[in-house]
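Colleague: A single structure is presented below for examination.
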Amino acid sequence: MCISLSFYAAKYLSFSGQSDFAPYFYDNGAGSSNGNLGLFSISEDTSVGTHVYTLSGSDPEGEPVTYGMTFDKGSKDYFSVEPKSGNVTLIQTLDREVQDEIVAFVTITDGRNKVVENVRVFITDANDEKPEFLNLPLVVDVPEDTASGSSIYRVQAVDRDLGSGGSVTYSLQSTPSTKFTIDGHSGALRIRSGESLDYEVSRTHFVTVVAKDGGGKYHGKYQVMTSTAIITINVLDTQDSPPVFVATPYFGFVYEVSVPGSEIFTVSAKDGDQNNPNTMHYSILSGSDGFFSINSTSGCISLTSFPVQLRNELYELQVKAAEVGADRFSDYSVTTVTVRVVDLNNHPPTFYDENGPQNRFELSMYEHPPEGEILRGLKITVNDSDQGANAKFRLLLVGPSRVLRVVPQTVLNEAQVTIIVENSSAIDYEKYQFLTFKLLAVEIDTPERFSATAEIVINLLDTNDNIPKFSSEFYIARIPENSPGGSNLVSVTATDPDSGLWGEVKYSIYGSGADLFLIHATSGIIYTQPWASLDAEVKSKYNFYVKAEDTEGKYSLAEVFVTVLDQNDHPPEFNQNYLEKTMIIGAPVKIEAVDEDAEEPNNLIEYSIMKADPDNIFDINTSTGEIKLKPYIKSMEIVQNITKQKDGRWSVVVQARDRGSPSFSTTAVVKIDITENGLKGPMAAFLMQSRDNPMKALGLAVSIITVIVLVTVMISTIMYFRNTKSNRITPARRIIRRRPKEPRRWIFRPWFGRSDLSFGKFFTDDETRDNTNHSSPRAKPPAPSAPVLPPPPPSERLRSVPTVSGSLRSAQNKDGSGISSALVSELKMRIEQKINEANQGYYY
């Protein structure tokens, strides 16, 4: 519905004499998402912040228009409007069940004219409501005799949603023993066919009913809403059960001292319908033979004659209990009362021994007797002087559970009592020095239940049944090295719970590590031998076994672990007190001292320079012992400017001090010959770095040789397969083995003093022979050479393939400077030795 209100004349004349018309909304009808909001509907589950509509209109003069929206006073503002675009946004949550339409006023204006329209926005339903049960709580009272299939209640639930979401169906949560069913549409609760209610069996039933709607969309998804409620069904009692006798079966007795009128027994019955019980009427139907009568109201059975007149020992009376109701006697029940004529029970059981009646028996025995053994030291007899059932009684032994048992357990008149061991481990002297039991004799079939009690005391005697046990499976001891002989190490403790001499423990030690130690036989204190001298540097760990033994030789073992703690008892030591080192400018020299102490910090060494003249030329690494020149000393000229000694020789006093407490130190004089490096380039740097570690240079040479060998093998393999493919059919031919030629060996000669070459040059053996006047004293085994390559094309330059073997030779620099000849000779010797070892592994 849309009502247009105009606050202006249809047309008016402006001051300029031109016409000015009011703007207007587009009316696009229902189902449109833009226009004047007429007949617009929105689902209640639309999320807040959603753009739901666009107000649209126009001005006849083409002026820009703005939009607005207002609501009645006191009502919520459900929408907001963007003035320029007209976009309508939901700003409040919608609930159709609370409000199913919204009245709003939309406006459009061109700045001078304003149009207001009253619109109604309809809110459509979404399935957002659960079914709600009416008349909660659901309680039903049903008589127990209600017929099967009868309707006992109608469940009602409503769902405020519309359509399928507002329809409700019912069901019960199934249980294995449910007696009820419900109609899915009407909600009628019925007793299930074939089932019945019984007040005496169950007075209350609880049934869970489920109400489910027909389903519908909510936020774009289909969902079904359910609710549950519990129905309490109270079963009402009806008169449908016969009387029930209480505490059956019934037994009565007639004694020799009974007189006529004596009460024999009283029966009791109650109505089976407990909610509204009837009174009972008692009578004897048969079996009394005129000697017994019953009170019809109380149910008391009495004797009507003297006991001597009774002809039978046993009478069985049939007693009837009938309900007294409106119909006089209705339901009834019959029970049997057994009456026995017996002698008077006037003698209780009595315990005897050889000396007559006793109530205390005592025995001494060793602990842990064999199971099944009879305690023959106990001679017990039990007797009851009555006759028949009055003389029948039961024997019970009361005390620590399942330790002893009594035989026999049932006695008639008299029996010899036997006590048998059942649990030998429980009879332990270390736990109990004596055991106490109560021996009971209790009559079984008598009303008086006469009984007798006797005390049995068993004094236990100890046996050596325990071994000594250490307080720990192992002991850990620590002792400083150089401790004097006889120093205490650790105390071990073992206990034996046995008494007397059996509980005394003696200690001893044995094992491969026990030679330096002794143990006190009774106190368990372990100490060092008087002559023992413990040195952590020789051996710091000992372990041996300690033995605890009683007087009969039963023993147990524990292990002792001894750690000798290191003391700072060794000073650092240099290999020599006078050391000679050659230092090349730019590279350090290293000294090393050794401390024979076993542990840190006693064997950690710090180095320092004690004396040097002058003292500002050297630095030393306190941890590694590397001595190097000050950073500003980069040439021999600087060295010669510092001192008058032109030969570059220095004497430095170096101290090595350990970090122990107290600290020890030692000194050495280091004779340092300073020279300048004559090598240039990366090879020189590598040789300088490797002079203290020649194996590093040797490892590099071996790596290069290995790579060359692998490349050679790969090329040979490729050529072999290539020749095999090209010569598939070959004539038979004789293979002539040629004497292998001596392979060329490549010798490396470093070039010193050359500015254009920074590394060196390779020479063959022939060239070497021409340049030297001596030859190798013996021929080296040939090394594998690369296979012959096919002739290259004319345009390609021939390239020689070097052999694997090679050597390094030193050459003097033209200007007379160079590195140490001893260093180069040592490297050459080690490299050639490694090459010889590698060549011996290859042969043709």
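Colleague: Once amide H atoms are placed 1.01 Å from N in the peptide plane, what residues at a sequence separation of 5 or more from THR208, or on another chain, have their amide H within under 5 Å of its amide H?
Modeller: Those lying under 5 Å, H to H, from THR208 are GLN173, ILE231.
Colleague: How many angstrom lie between the Cα centre of segment 429-493 and the Cα centre of segment 112-153?
Modeller: Each part reduced to its Cα centre gives a spacing of 78 Å.
Colleague: Now, a different point. Among VAL403, VAL653, what's the order by accessible area (1.4 angstrom probe), most exposed first? Walk me through the intermediate numbers first.
Modeller: Details: VAL403 5, VAL653 40 Å².
So the residues, ranked largest to smallest area, are VAL653, VAL403.
Colleague: Quick one: of LYS179/LYS270; LYS634/LYS671; LYS581/LYS628; LYS611/LYS671; LYS84/LYS217, which pairs are farther than 23 Å apart, Cα to Cα? Walk me through the intermediate numbers first.
Modeller: Details: LYS179/LYS270 28 Å; LYS634/LYS671 20 Å; LYS581/LYS628 11 Å; LYS611/LYS671 12 Å; LYS84/LYS217 34 Å.
Exceeds cut-off: LYS179/LYS270; LYS84/LYS217.
Colleague: Give the residue list of trypsin sites (Lys or Arg not before Pro) in segment 555-654 that are DSSP loop and have at most 13 other beta-carbon atoms within 10 angstrom.
Modeller: On the way: sites: LYS581, LYS590, LYS611, LYS628, LYS634, LYS644, LYS646, ARG649; in loops: LYS634, LYS644, LYS646.
In loop regions of segment 555-654 (DSSP not H, G, I, E or B), the sparsely surrounded trypsin sites (Lys or Arg not before Pro) are LYS634, LYS644, LYS646.
Colleague: Same structure, new question: Hey, if you drop one equal point scatterer on each alpha-carbon of segment 24-122 and run the Debye formula without solvent, what base-10 log of I(q)/I(0) do you get at q = 0.12, 0.18, 0.21 Å⁻¹?
Modeller: For the requested q values the scattering log ratios are -0.36, -0.80, -1.07.
Colleague: Further, regarding this structure: Tell me which aspartates and glutamates have Cα within less than 20 Å of LYS554's Cα, excluding those fewer than 8 residues away on the same chain?
Modeller: Excluding near neighbours in sequence, the set is GLU367, ASP428, GLU430, ASP462, ASP465, GLU473, ASP496, ASP498, GLU504.
Colleague: Calculate the length of the line joining the C-alpha centroid of segment 519-570 to that of segment 599-613, in whole Å.
Modeller: Answer, in whole Å: 37.
Colleague: With all protein chains present and a 1.4 Å probe, how do ILE831, ILE642 order by accessible area, largest first?
Modeller: ILE642, ILE831
Colleague: Once amide H atoms are built 1.01 Å from N in the peptide plane, which residues 5 or more positions from LEU236, or in another chain, come under 5 Å H to H?
Modeller: Here the answer is VAL142, GLU144, since their amide H atoms fall under 5 Å of that of LEU236.
Colleague: For VAL210, VAL639, give the ranking by accessible area with the largest first, probe 1.4 Å.
Modeller: Per-residue accessible area, sorted high to low, gives VAL210, VAL639.
Colleague: GluC sites (Glu not before Pro), restricted to segment 448-480: which are DSSP loop and have at most 15 other Cβ atoms within 10 Å?
Modeller: In loop regions of segment 448-480 (DSSP not H, G, I, E or B), the sparsely surrounded GluC sites (Glu not before Pro) are GLU448, GLU473.
Colleague: Accessible area of LYS506, 1.4 Å probe, to the nearest 10 Å²?
Modeller: Surface open to solvent at LYS506 totals about 130 Å².
The values are calculated or read from the model by the stated rules, or taken from the named source; none is laboratory data. None of the values given here were measured: they were computed from a predicted structure. A quick note on method: Cβ atoms are made from the backbone with ideal geometry, for glycine too, and the neighbour counts reach across all protein chains shown. Heads up: the accessible areas ignore ligands, DNA and RNA and are worked out on the full protein's heavy atoms, side chains in. Shrake-Rupley method; radii C 1.70, N 1.55, O 1.52, S 1.80 Å.
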